[in-house]
Amino acid sequence: MPIVAFDPDNNPVTALGVVHFNDPKAGHYRAAVLSADRPLELRPFAFPECGDYITLDVAPSLLTGVSAAAVRDLGMTTSEDGVEPAESLGRQAEFRLTSLLAFGAYAAYSARSDVMRRLRAIKLKAINRKSQEAWVTILVGVTGYEPLKGASVKAFLRNVQALLPGGSPGGGDQRLRPIVNLPGTAYLTARCPLGSYSVEVSLPGIPPTRFAMNGMAGRVSTLVIGVADDGNLEVLQYLFKLGGGDLEETDLPLIEKAQRFFVAGRPVPASIIDALLDAKMTDPLTACLAGYALVRDGRREQFRGDFRKGDTSWNEYSAMQNMLNHFGNLCDTHILAGLCAPEDRHSYFSKALECGLPVFADGFRVLIDYFGKALDRYPSEFDRARRTLSIGTAYSSWLSREPQLAVQNGRFEPPPVQWRQLEIERPRIERFLTGCGLVTVVGDKGTQGAGTGFLVAPDLVVTANHVVGQATETARVYFSRADECRVTGGAPGDGILCECLAIYPEARVALLRLMEPLNSTFVLPVSELDHGKPGRAICVLGYNVDLKSSVVRKFLLPGFILAAVDEGETFDHDASTVGGSGGAPVLDVETGTVIGMHWGGMAEGGYKRNRASRFLRPFIWETAGQAEAGG
């Protein structure tokens, strides 16, 4: 454990385990154990009254939940003498389940076969230690007893899934499997691509999230996720070398401590930094963590050291040079080089973009700040990730798809923190929800089809042409504004009969007239301006229609505009639309106006890509005017 002590002149001294004062003078001292999880509690004492030494109390292990008993069954007991994660859970380690899982992965894949016997008893899937392929391991542990309300730990873990890159062996959507000797945990091990990639992890009750990772030959990318009963996540990452890992048993707690300090946003003790830099060949992410910690602390020159540009030899005096020479395919290596060598910053940052996605959120934000809105410079996934980059995390993660917010009693459910802007606009958005409704086509044998529509005048509804285009001559079309309604067997209970005024196939738009006009307060404003620019935040107000189920529900589906296509008459967006959203209004969050109508979607590289028609206003009023003249 790192300790800080202050002499009578208030000069600090930090060290691991023991702090020594040579020739101490008489006076009042203070000392404390440094913890990433607890505030600094300095203990005062006087010398020479205290004697030659004092002992500081440390907090007990934080390992709780259903895994605690299993850990004892593996023979890992509390030690009073120090930290030995291979054989015991020392008081000073402040062990958590995430730490235990990470150390178990290291023991299984990297450590010598004659050490860490009890950690290897966790029994993760064996990997050939001589393999030169890239591997990924995802470990999930529940740190409490009820990670999701009403769901047991077992039920929660049964529904954890990971989406690996589709082009890699073992890629695709896979369920994690239980770790037999460690209840409350599950894991997945598979081959992964070389270089930058992302994995999607779906945890019940939590929006699917992607994590930036990096595949290297002969290494295991290790993602550890701890899930607390309050829904909070603790995330750690490692990039362990297969076999031949030269970390000592006493190094593991230092890496664990460094991760915890870094994740908490607190300075990593200087006494740990050197150990992290020395461990870079076993795990280069530890050196990156040390580099970002030094940058945070204004000590970037320590990472740069005696850097000699162009020198490819080993340089024991420059972590930056060794990282560039040995881990040049890691995006964060070049970001740190740019931060520590401002004279070549642009070159290093541009190289970082070529390498893909930064593993560390600090690096992600550096590139966003540096390149600004130069969208053409960003790789496509980088551009997607930056829009919903998680806040307050150490590792780069983002929503893998935009949220689907159910609407009930006129209110949409609370959005994730990345979409806090919706809370600011809640009154206006919820007013517009009342002008959005379900369009149902009912024939002689029941419901023929259904989709979404929205009011553009008290008696006019816009929807997608495919919603009503296949209706038979005897079919009836209804419009219902209910948040939830039934469609099987006929018209919704509060549905208003409509007639189809016109269908515009090229724009995929249809215009309906209500037989009973509604209040003008329900009308949605349609924009006369071009707001369909890439990067703008939008909301789709649509329904989830499944004709096999008798109930359909209204949803608020936020997202972003991706691109303008078809000479600007349509645009693509990434809202997580569902079947039945065809005909839904696309609302510009900033202006509060309708800028398009959603009509279809597709999958692209594991992400959702949808298309919407634009320039609705001229068509609406031209068609409405013709109908008035004819009437």
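The values are calculated or read from the model by the stated rules, or taken from the named source; none is laboratory data. Being a predicted model, the structure only gives us computed values, none of them experimental. Cβ sites come from the backbone with ideal geometry, for glycine too, and all protein chains shown count toward neighbours. Just so you know, the surface numbers come from the protein's heavy atoms only, side chains and all, with ligands and any DNA or RNA stripped out. Shrake-Rupley method; radii C 1.70, N 1.55, O 1.52, S 1.80 Å.
Subtract the Cα-Cα distance of Arg266 and Asn409 from 0.36 nm times their separation in residues, and report this length gain in nm to one decimal.
Working: separation 143, 0.36 × 143 = 51.48 nm, distance 4.33 nm.
Gain on extension, Arg266 to Asn409, equals 47.1 nm.
Heavy atoms only, probe 1.4 Å: what % of the accessible area of the stretch 218-353 goes to carbon and sulfur, would you let me know?
Values: 2320 of 4760 Å².
That fraction is 49 percent.
Enumerate the amide H contacts of Gly215 below 5 Å, restricted to partners 5 or more residues apart or on another chain; note that Pro and chain-start residues carry no placed amide H.
Amide H neighbours of Gly215, under 5 Å, 5+ apart: Gly195, Ser196, Tyr197.
So if I take the centroid of the Cα atoms in the stretch 396-458 and the same for the stretch 270-335, what is the distance between those two points in Å?
49
Leaving out ligands, DNA and RNA but keeping every protein chain, what accessible area does Arg481 have, in Å² rounded to the nearest 10, with a 1.4 Å probe?
Approximately 70 Å² for this residue.
On each of the three principal axes of the Cα atoms of the stretch 298-455, give max minus min coordinate, whole Å, ordered largest first.
Result, largest extent first: 80, 33, 23 Å.
What order do Tyr145, Tyr238, Tyr348 take when sorted by accessible area (1.4 Å probe), most exposed first? Spell out each step's value before the answer.
Numbers: Tyr145 150, Tyr238 5, Tyr348 30 Å².
Descending order: Tyr145, Tyr348, Tyr238.
Lysines within cross-link reach of Lys445: Cα-Cα under 20 Å, excluding same-chain residues under 8 positions apart?
Candidates past the 8-residue exclusion: Lys548.
For His28, His334, write out the residues from largest to smallest accessible area, computed with a 1.4 angstrom probe and no ligands counted.
These residues rank, largest area first, as His28, His334.
With a sphere of radius 10 Å drawn around the Cβ of Cys498, what net charge do the other residues whose Cβ falls strictly inside it have (Lys, Arg +1; Asp, Glu -1)?
On the way: positive: Arg476, Arg513; negative: Asp459, Glu499, Glu516.
That works out to -1.
With equal scatterers on the alpha carbons only and no solvent term, can you work out the Debye log10 of I(q)/I(0) for the stretch 133-246 at 0.11, 0.13, 0.14, 0.23 1/Å?
Cα-only, vacuum Debye calculation for the stretch 133-246: -0.34, -0.48, -0.55, -1.28.
Given Cα positions, please report Rg to Rh for the stretch 187-239, the hydrodynamic radius being the Kirkwood one. Intermediate results must be reported in sequence, preceding the final value.
On the way: Rg = 12.2 Å, Rh = 12.3 Å.
Using only Cα positions, Rg/Rh for the stretch 187-239 is 0.99.
Can you tell me the equivalent ellipsoid semi-axes for the stretch 392-525? Use √(5λ) from the Cα gyration tensor, largest first, whole Å. Intermediate results must be reported in sequence, preceding the final value.
Details: eigenvalues 201, 57, 44 Å².
For the stretch 392-525, the ellipsoid semi-axes come out as 32, 17, 15 Å.
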